[in-house]
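As structure tokens, the structure follows; a few thoughts come after it.
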Amino acid sequence: MTRSAEVQRRIYALMVLMKAADDRLSKGIGTGEFICVYWPSRGQEAIAAAMGISLRRDDQLVTTYRGLHDLIGKGVPLEEIYGEMMGRTLGASRGKGGTMHIANPEAGVMLSTGIVGAGPPVGVGLAMAAKRKGLDRVTVVSFGVGATTTGSFHEAANMAALWDLPVVFVCQNNLYAEMTPTRDTMKLEHVADRAAGYGMPGVRVDGNDPLAVATALDEALNKARHGDGPTFVECVTFRFRGHYFGDRMRYIPKDQLDSALAADPVPRFRAHLLDTGVATDEELTRVEAVAAQQVETALQTVMSADAPSIDELDRDVYATPIRFPV
Amino acid sequence: MTRSAEVQRRIYALMVLMKAADDRLSKGIGTGEFICVYWPSRGQEAIAAAMGISLRRDDQLVTTYRGLHDLIGKGVPLEEIYGEMMGRTLGASRGKGGTMHIANPEAGVMLSTGIVGAGPPVGVGLAMAAKRKGLDRVTVVSFGVGATTTGSFHEAANMAALWDLPVVFVCQNNLYAEMTPTRDTMKLEHVADRAAGYGMPGVRVDGNDPLAVATALDEALNKARHGDGPTFVECVTFRFRGHYFGDRMRYIPKDQLDSALAADPVPRFRAHLLDTGVATDEELTRVEAVAAQQVETALQTVMSADAPSIDELDRDVYATPIRFPV
Amino acid sequence: MDSKEMTMREALNLALDQALEKDERVFLLGEDIADPGASGPTAGLSTKYGHDRVMDTPISEAAIVGAAIGAAIDGLLPVAEIMIMDFIGIAADQIINNAAKLRFMTAGRTTAPITVRTQVYGGLATGATHSQTLEAWFMHIPGMKVIVPSTPRDGKGLLTSAIFDEDPCLFVETIRLQGQKGPVPTDPDFAIPLGQADVKRPGTDVTLICYGRSVHDALAAAATLQDEHAVSAEVVDLRTLVPLDVDTMVSSVRRTRRAVVVHDAVRFAGPGAEIVATLQAELFGELEAPVERVGARFVPTPAAAALEAQVYPSPARVVQAAQRTLQSAKAGIHG
Amino acid sequence: MDSKEMTMREALNLALDQALEKDERVFLLGEDIADPGASGPTAGLSTKYGHDRVMDTPISEAAIVGAAIGAAIDGLLPVAEIMIMDFIGIAADQIINNAAKLRFMTAGRTTAPITVRTQVYGGLATGATHSQTLEAWFMHIPGMKVIVPSTPRDGKGLLTSAIFDEDPCLFVETIRLQGQKGPVPTDPDFAIPLGQADVKRPGTDVTLICYGRSVHDALAAAATLQDEHAVSAEVVDLRTLVPLDVDTMVSSVRRTRRAVVVHDAVRFAGPGAEIVATLQAELFGELEAPVERVGARFVPTPAAAALEAQVYPSPARVVQAAQRTLQSAKAGIHG
Ligand SMILES: Cc1ncc(C[n+]2csc(CCOP(=O)(O)OP(=O)(O)O)c2C)c(N)n1
Ligand SMILES: Cc1ncc(C[n+]2csc(CCOP(=O)(O)OP(=O)(O)O)c2C)c(N)n1
Ligand SMILES: [Mg+2]
Ligand SMILES: [Mg+2]
């Protein structure tokens, strides 16, 4: 499928924003400018950008701790993300949830989870709700290969297939689960081949090519939207900064990292846009500058925002505070 | 593969013993002669008998609450089984474990579990132990189709395949999980096809034909024993008495039950033995009489045995009783 | 209010039926809960409301609760069933890390007002993995509510509240109570607020604090105490453990100055520990005797019926514990 | 005994190292526990003993513990790691229904002497699903032993005991203690018996009962109480919650007649409840004040550091609670 120039530029703008947001966090934490816990998404932008253009706003997303790129793609304002990561009142949850637990239902982000594998069952429930309500909305559940070895994933995949639910499982295969190469965690070579065991289609795409990802997604979304059930989409990619910010990545062979970096999806897509004449260098440089500016503005807004006040502590534990126990 | 007449007669003797043991329980509970909780295995004898002749004594078995036939096949004395079911001192666990929790490590029965899906991970651990010890022993994990929708099964199957462990997963597909047709619990038509999702072979056999089951088992055992990893063996069968003793089976369509009963593996194998001249009607009638007698003797021994004494209560909670808490 | 005699099972069925009837956001999911297989409180409901409102699921406890959570985030009111409480470990992660915490972690942007119905199976000689009473676990998880009804009336009223409550509720049924009868209001609007204990029998000499099946042990014990020992025991049925109605229980014990806590959960680190700890703090110096606890023995539940019978509380054990509080001497810890 | 200064992490590593060295039945399994990825107490061990004795696993908590159980049934001594305690729900079924019950259910024919190491992650601003302290759950399960060390010396001695213990042990580490240093006996035979509390500081006026990280809060509080209030506090480190050393704790409180229980778990229905319930029974009429409890606030753990800091016990909160017991007036329950 060919994409219009406009869509391709939107993809690039998203990728660049994701990259800039990640770079800025990395710089800020690295230099001690601020503190926050963070699982970097740098390197996986193509997947999230493709989701960004392929999903409707009313489509839903369930993602993980490594969600910065996914959240940006789905349209969560950067202030909310940074704010949550840094524990400020303007965070998505006023700083109460933290990096791993960001939700923004208006943008369709229903859950971010810190428990590997805990997202798929919830995605199934969201899709059940859509089906019961007669909506043609799709729920995308995004996770890594590591999640596919959890029992929770299995139970959810089985249910989604059984009931032809409008779910798309997007597996961002970055070749590692924490410090463990995912090839050491399964016998199968390709995680997409797990799908057959549920009676659902599994496809494998180059996760560093946003157009390839978008094509696979569109097909999966279309099927799901029309009642033809879930698809498992494996997107092969890499995480450039390791598992968590500060990871020394000693467990990654140098040549593997080098070749992954050489396949960096952001410059690669930039080159593609230039090569195909979709955009000029000037235009793209401007997009990059805008992204950097947008990130900086968000960061400064967040940095000057308050930390949540103590009375937030007893709020939102129950719908109505209960006197005892507290 | 052709089996010697002797082996075929052993198979029949096992099947008949399993059937007689089940029939006698059914009669005894049905008439109020005794009380015990019981998940009948009637109808599934061919699978357990095939395990009985294919497994070595040092091979291990992990089974479930529906384990009567499996336990007999693996050589657990009937007194131990009946004794445990009826809460007597000569039960496998002196009546402390009950029907669902019978173990007899000398016969290789390492675990029976009442939690659906809880067996496979334990089977994986037993197989890991064999591998670490350099033994060529195989662990067979027996369960129903319902177990394959549990996360626990998934995690175990993935590990077994990953590490080429000497495990055989024997799925006794009796078409129901409690009152729910298993076709309503998965999209796949054949549960054996789940195996592909782990990178392990999956085979489907007629579970009412002990020779077919034994052939499939032998191949799987042989692979496992030689370091070539696990196999998933689906054996298609039926449970004639429903889920638990007393189940009225209203949820089973009459024609389904009728045709299942028509395929009863015990008379079917009897006919096969007669047709092929492996045994005479007289011989087989004698085998049946012996089985009935053996069952009756075991039952009477159990019925005259004591219930466990109260001091069993605080025994075996910890290796050494701890004063507090008790 | 119109009232009808029915069993606990029927009362729970009525609560589910009326909830399904009046609010289309309500749906049920679980193993073997739909017809023709269903035999518990959900029997008949799939026939009446269809299999998309009363859904049989695969054996997948984690995903059953996880799916309920997803649907609840999206505004529905799912009632998930974990067939037997011993299986709740499998769903524990979804309960504690998603259901209980979402409201807080998202500052109220998402919530999971699910109801998880489950059933304690003890007393059927099914052995240690089908007999556990684990509500203490969920009391310890901020964000969860925990409900354990003792009578058909309470069952109906509390289940109705749980289903429409804005917080995730664990609703614990007891198989030995399912067949017990009592009068039940038939009004669909009948609900019992969560967090209100109920004085099931008034008394003056000792307070028996209990919930669920133990309420019946306590009531039987109270009758014996009255008839055979001329002791007037007050029976306080907590009905919900979270919220815990501290006021009712403290004001009762303030009057009687003696208390026995009774539950089917094992005593050690059980719900009774929290109750005792609260009472000793609230009523320091006002008690005539240490608060007694009667709970299950600290052993895996034995299968043999004769052994199992020794494990759970009984009216006789409650009577003995009450008598110890009346002797006013220092009581041992091994009651 | 020869002793070396080292961190908790190093002490635990030494215990694992020596166990692997001296007994080939010992092996470790868990996520990211092997080199080159390992950074916790298992670092270096796969290099020394090979990847078949220190095994990286898939992310499969239920099967990690289940596989450990299978290997233990077959005579091995597996040490399974659940990386962070919040994930233990996923393995809960295997722990409670298999590990804890096998010995009883098979009358000793099979046993599962596994050690499950896990780590409390609170204090790192990682939010509610990476901060829980859940040992109370496993205290409530007959058949389990529960161990929570506070110092490198105890860590080594208790882990060694756990690994070779004949019962399943839950061994709870605390990330905020991993870097703390102390003297540790290097003798491979050094072991601390399970079930023996340790008086970490003697005193006469009030007993601070604690374990794990809270021991350090209690010690700091004891120093403040002494220095600023001339109060002599005794610090009793329980070290194991099952077996619980009732004798040591009761005899201390019998002398001091006042007690404060401190732990990082939320207070409601937490380990402290059992301790208070036991003390009030054993020492009825001998206490000068109600037993105080200092635990985490009953909320999901907030991520923002400023909020999180308000949740856990602190030396200041322990000092206040101790002072309340010394005022000898009736204390409220909301301390
Ligand atoms: C149930 C559970 N087990 C372990 C962890 C610790 N953990 C966090 S991320 C992670 C690796 C996940 O790998 P993958 O699914 O490939 O996702 P990625 O981090 O690569 O995006 C692990 C083991 C966890 N958070 N939850
Ligand atoms: C985890 C768990 N969930 C539910 C149950 C209740 N239960 C007992 S047997 C059963 C059906 C199992 O079906 P299947 O695996 O096909 O085995 P079968 O009984 O047919 O041998 C169910 C749901 C259970 N014991 N454990
Ligand atoms: Mg990964
Ligand atoms: Mg079945």
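Bear in mind that the values in this text are calculations on the coordinates, not laboratory data. Everything numeric here is computed off the predicted structure, so don't read it as measured data. Quick reminder, even Gly has a Cβ in these numbers, built from the backbone with ideal geometry, and neighbours come from all protein chains shown.
The figures follow:
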| read-out | value |
| --- | --- |
| Positive-end residue, chain A charge dipole about Cα centroid, Cβ charges, pick of A:G277, A:A214, A:V16 | A:A214 |
| Angle in degrees between helix C:61-73 and the longest Cα principal axis of chain C, rounded to the nearest 10 | 70 |
| Reachable lysines, given that their alpha-carbon falls under 16 Å from the alpha-carbon of B:K19 and they are not under 8 places away in the same chain | B:K27, B:K74 |
| Long-range amide H partners of D:V120 with built H, under 5 Å | D:M85, D:E173, D:T174, D:I175 |
| Nearest-0.05 FRET efficiency for B:D218 and B:R183, computed from C-beta distance (R0 51 Å) | 0.95 |
| Karplus-derived HN-Hα couplings along segment D:253-262 (A = 6.51, B = -1.76, C = 1.60, θ = phi - 60°), whole Hz, x at Gly and Pro | 5, 4, 6, 7, 6, 8, 8, 10, 9, 10 |
| Whole-angstrom gap from segment C:49-82 to segment B:187-259, using each part's C-alpha centre | 29 |
| Whole-Hz couplings from phi, Karplus 6.51/-1.76/1.60, listed for segment A:301-310; x for Gly and Pro | 4, 5, 5, 8, 7, 7, 6, x, 7, 4 |
| Amide H within-cut-off set for A:V141, under 5 Å, with H built and near neighbours excluded | A:V62, A:V168, A:F169, A:V170 |
| Distance in nm between pseudo-label sites at C:S232 and B:D206 (7 Å out along the Cβ direction from Cα) | 7.8 |
| Square roots of five times the Cα gyration tensor eigenvalues for chain B, Å | 28, 27, 20 |
| Value at 222 nm in deg cm²/dmol, rounded to 500, when DSSP H runs of n ≥ 4 in chain D each add -39,500 (n - 2.57) | -10000 deg cm²/dmol |
| Residue-by-residue Karplus 3J(HN,Hα) for segment B:259-275, coefficients 6.51, -1.76, 1.60, Hz, glycine and proline x | 6, 5, 5, 5, 9, 2, x, 6, x, 4, 6, 4, 4, 4, 5, 5, 4 |
| Neighbourhood charge, 14 Å Cβ-Cβ cut-off, centred on B:T297 and excluding it, Lys, Arg +1 and Asp, Glu -1 | -2 |
| Distance in nm between pseudo-label sites at B:D314 and A:H190 (7 Å out along the Cβ direction from Cα) | 6.3 |
| Charge tally in the Cβ shell below 12 Å around C:P271, where Lys, Arg are +1 and Asp, Glu are -1, C:P271 excluded | -2 |
| Low-density loop positions, trypsin sites (Lys or Arg not before Pro), segment B:228-326 - DSSP coil, at most 10 other Cβ in 10 Å | B:R248 |
| Efficiency of FRET between A:K133 and B:I35 - r from beta-carbon atoms, R0 51 angstrom, step 0.05 | 0.55 |
| Spatial extent of segment B:220-284: Rg and Dmax, with the Cα atoms as the point set, Å | 17.6, 46 |
| Hull shadow area, averaged, chain C [alpha-carbon convex hull, nm²] | 16.7 |
| 7 Å along Cα→Cβ, label-point gaps from B:L274 to other copies, nm, shortest first | 8.7 |
| Label point 7 Å beyond Cα along the C-beta direction, distances from A:P105 to other copies (nm, shortest first) | 5.3 |
| Dipole moment magnitude, nearest 20 debye, the protein assembly as shown about Cα centre, only Lys, Arg, Asp, Glu C-beta charged | 920 |
| Ascending list, in nanometres, of distances separating the D:K22 label from those of the other copies (7 Å, Cα toward Cβ) | 6.7 |
| Out-of-range pairs (alpha-carbon distance over 27 Å; input A:K96/D:K200; B:K187/C:K156; B:K131/D:K181; A:K187/B:K223) | A:K96/D:K200; B:K187/C:K156; B:K131/D:K181 |
| Residue-count net charge about B:T63 - beta-carbon cut-off 10 Å; Lys, Arg +1, Asp, Glu -1 | +1 |
| Residues C:A306 and B:E296, FRET efficiency given R0 of 22 Å [Cβ-Cβ distance, rounded to 0.05] | 0.35 |
| Cα centre as origin, Lys/Arg/Asp/Glu Cβ charges: segment B:109-251 dipole, Debye | 320 |
| Cα lying deepest toward the dipole's positive end in segment B:5-307, options B:I47, B:G197, B:V295, charges on Cβ | B:G197 |
| Amide H contacts of D:R293 (H built 1.01 Å from N, under 5 Å, at least 5 apart or other chain) | D:V261 |
| Dipole magnitude of chain A about its Cα centre (Cβ charges: Lys, Arg +1; Asp, Glu -1), debye to nearest 20 | 460 |
| Computed label-point distance, nm, for sites C:R255 and D:K48 using a 7 Å Cα→Cβ extension | 6.6 |
